[in-house]
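The values are calculated or read from the model by the stated rules, or taken from the named source; none is laboratory data. Just so we're clear, the structure is a prediction, and the values are computed from it rather than from any experiment. Don't worry about glycine lacking a Cβ; one is built from the backbone with ideal geometry, like all the others, and counts go over all protein chains shown. Accessible surface areas use protein heavy atoms only, side chains included; no ligands, DNA or RNA. Shrake-Rupley method; radii C 1.70, N 1.55, O 1.52, S 1.80 Å.
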Amino acid sequence: MATTSTSLESHSTITTPEKLRSLLDRQRAAFLEEGVATYEVRIDRTDRLIALMVENRDEIASALNEDFGHRSYEASLLTDVWFVIDSYKYNKLHLRDWMQPETHGAMFPDAQARVEYQAKGVVGVVSPWNFPWNLAFDPIGYAIAAGNRVMLKPSELTPATSILMAKLANQYFDETELAVVQGGPEVGAAFTALPFDHLIFTGSTKVGSAIMRAAAASLMPVTLELGGKSPTLIGRSADLGDAVRRILTAKTFNAGQVCLAPDYVLLPKELEEQFVLDAKTAVASMYPTLKKNPDYTSIVNETHFSRLKNWLADAELKGAEAIELNPASEDLSDVAARRFAPTLLLKVTDDMTILQEEIFGPLLPVVTYETIDEAIAFINARSRPLALYYFSNDMAEERQVLNRTISGGVTVNDCMTHAFDHSLPFGGIGASGMGAYHGKQGFLTFSHARAIYRQSKTPEAALLFRPPFGEPVKAFLEKGITK
Ligand code: NAD
């Protein structure tokens, strides 16, 4: 375990631009002094990340429970502890290979061309509240595997978790290796104005856009992991019962507070009635009750709880039919408990907020279509989503859907699973983000692919660009400029 000179108290007061800058300078100085972080150093830091998660799993889950009002213990361990540890283990398995320089063919036989993957320096991480450990400590794992130092600014909406992160970072790492800064949007703005060597931001599209503007000042490279409305398209050949079970599993996970949640369903018109029946069965089998069910997570705070209530009211006012999936017909009006029943919305129209904004909760609009072309046009008329889900057993239609839509990622015949496979890049496109991490892509994102060329000793190599351009150069150009 690392010894550290900085106390937790002093970390929590690093909020002014000057103090943040000074922390960045200390990290950068340590990075430069270290030179290249060796494989062994990176493995040691990754092992300390693993130890931090394994040894504090219960504290992590309880802080999450406190922050959400109620959060499923097992769900917390699955997404915010196990997944992250698994990702660290994946990095350990592949790191030696990823760190190898790539040898390329050179212009002259005795020349050498290669790419070395160099750590960038200090990486800034800004993370959201919905999977606080996953979305902060997973990117941190890749940044550290790539040999960088890291400063994290987690969300102010999960304060118990953010304090625990600072405490544990302080306990397992020196502040020049990993430091956690506390604060809300104001500190976030000062944090993202720092000239990091790379910044990864996970959060809303609106804040992502502000961050990109701030990053432009120092030409700081950014990875933006944003949100959006992920469409869930059910084809006519799909196994409907299976599709509905999987969609509702994803939509009720973390009570729909997931960037990758199926945001709305596109369904052949004639299947709507059966979809509703299957959805009732699916929810009843997973959550016979909702009010005190330990597996069902609360909405994170009152603001988000009333936002969802308002969006539901807006949809109903404009003609939507709401079907509450509340198997025991419990009274869920207690604002303090913030349990929100999964709710289907039929007869939805474009003027409703639920079809315009990312829902981030257990409301599920169902849009019906007649032809697959119509469904594809519906998706393409909207911003490019983080994910697309497609249920079908028709390979020709699947190819058509994949070819004619664009999204960050795709899961066929399930929801969200592409993001759990460490070997696949994870990221958005357009309004849902830019850049990606996970797997080798995570290592590459936080590395600089440095081109290194060792020149040949042959006289031609020295003379090619040196005037006077005589016959040999003319002959060379004559030979090269051909079709
Ligand atoms: P948010 O954008 O409000 O906040 C995210 C982080 O940015 C927080 O740490 C916050 O303090 C900070 N922040 C806020 N204003 C800032 C500013 N002006 N400058 C700098 N930092 C600032 O997002 P949120 O409500 O915490 O999270 C929900 C959003 O995140 C949803 O849109 C969701 O889709 C998205 N999300 C995306 C992914 C992904 O991997 N693509 C994952 C989870 C959540």
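Can you give me the accessible area per residue for the chain, using a 1.4 Å probe, in Å²? Show your work: numbers first, answer last.
Values: 21250 Å² over 483 residues.
Dividing the accessible area of the chain by its residue count gives 44 Å².
Add -39500 (n - 2.57) for each DSSP H run of 4 or more in the chain, then divide by its residues: what number comes out at 222 nm, to the nearest 500 deg cm²/dmol?
On the way: 18 runs with 208 residues, N = 483.
Computed mean residue ellipticity for the chain: -13000 deg cm²/dmol.
Once Rh for the chain is found with the Kirkwood sum over Cα pairs, what is the Stokes-Einstein diffusion coefficient at 20 °C and 1.002 mPa s, in µm²/s?
Diffusion coefficient, whole number: 88 µm²/s.
Determine which residues of the range 451-477 fall in the zone a paramagnetic label at T103 would reach in this model, i.e. backbone nitrogen under 18 Å from the point 7 Å along Cα→Cβ.
451-457
Gain in length, Y73 to D394, computed as 0.36 nm per residue apart minus the alpha-carbon separation, to one decimal in nm? Show your work: numbers first, answer last.
On the way: separation 321, 0.36 × 321 = 115.56 nm, distance 3.83 nm.
Gain in length upon complete extension: 111.7 nm.
Could you work out the local net charge near S333, counting Lys and Arg as +1, Asp and Glu as -1, over the other residues with Cβ closer than 10 Å to its Cβ?
Working: positive: K309, R339; negative: E330, D331, D334.
Surrounding charge for S333 is -1.
Run the dipole for the chain about the Cα centre, Lys and Arg Cβ at +1, Asp and Glu Cβ at -1, nothing else charged, and hand back the magnitude in debye, nearest 20.
Numbers: 46 positive and 59 negative charges, 305 e Å.
Roughly 1460 debye for the chain.
Cα convex hull of the range 231-427: how many Å³ per residue? Don't skip to the answer; put the middle values down first.
On the way: hull volume 23.4 nm³, N = 197.
It is 119 Å³ per residue.
Could you calculate the contour length gain from A30 to A377, that is, 0.36 nm times the residue separation minus the distance between their Cα atoms, to one decimal place in nm?
Extra length from A30 to A377 when fully extended: 119.7 nm.
With only Lys, Arg, Asp and Glu charged, each at its Cβ (+1 for the first two, -1 for the last two), find how big the charge dipole of the range 231-427 is about the Cα centre; round to the nearest 20 debye. Walk me through the intermediate numbers first.
On the way: 18 positive and 28 negative charges, 94 e Å.
Dipole about the Cα centre, nearest 20: 460 debye.
Give me Rg over Rh for the range 412-483, both radii from the alpha carbons and Rh done the Kirkwood way, two decimal places.
Values: Rg = 23.4 Å, Rh = 17.3 Å.
Result: Rg/Rh = 1.35.
Taking the mean number of other Cβ atoms within 10 Å as a proxy for protection, how do you rank 33-43, 386-396, 256-266 from highest to lowest?
On the way: 33-43: 13.5, 386-396: 20.4, 256-266: 25.3.
Result, highest mean Cβ count within 10 Å first: 256-266, 386-396, 33-43.
In this model, which of K167/K309; K251/K280; K19/K92; K19/K120; K206/K291 are farther than 25 Å apart at the alpha-carbon? Write out the running numbers ahead of the final one.
Details: K167/K309 36 Å; K251/K280 13 Å; K19/K92 34 Å; K19/K120 22 Å; K206/K291 33 Å.
From K167/K309; K251/K280; K19/K92; K19/K120; K206/K291, over 25 Å: K167/K309; K19/K92; K206/K291.
At 0.36 nm per residue, and after removing the present C-alpha to C-alpha distance, how many nm does the segment from D351 to I406 gain when stretched out fully? Working shown, then result.
Working: separation 55, 0.36 × 55 = 19.80 nm, distance 2.38 nm.
Using 0.36 nm per residue and subtracting the Cα-Cα distance, I get 17.4 nm.
For the range 102-258, just list the percent of Cα-Cα distances falling in each 5 Å bin from zero outward, please.
2, 8, 14, 17, 15, 11, 9, 8, 7, 6, 2, 1, 0
In units of 2.2 N^0.38 Å, what is the alpha-carbon radius of gyration of the range 232-329? The partial results should precede the final answer.
Details: Rg = 14.0 Å, N = 98, 2.2 N^0.38 = 12.6 Å.
That works out to 1.12 for the range 232-329.
Keeping the other protein chains in place, figure out the carbon and sulfur percent of the accessible area of the chain, with a 1.4 Å probe. Each step should come with its number before you reach the end.
Details: 12100 of 21250 Å².
Within the chain, the accessible surface is 57 percent carbon and sulfur.
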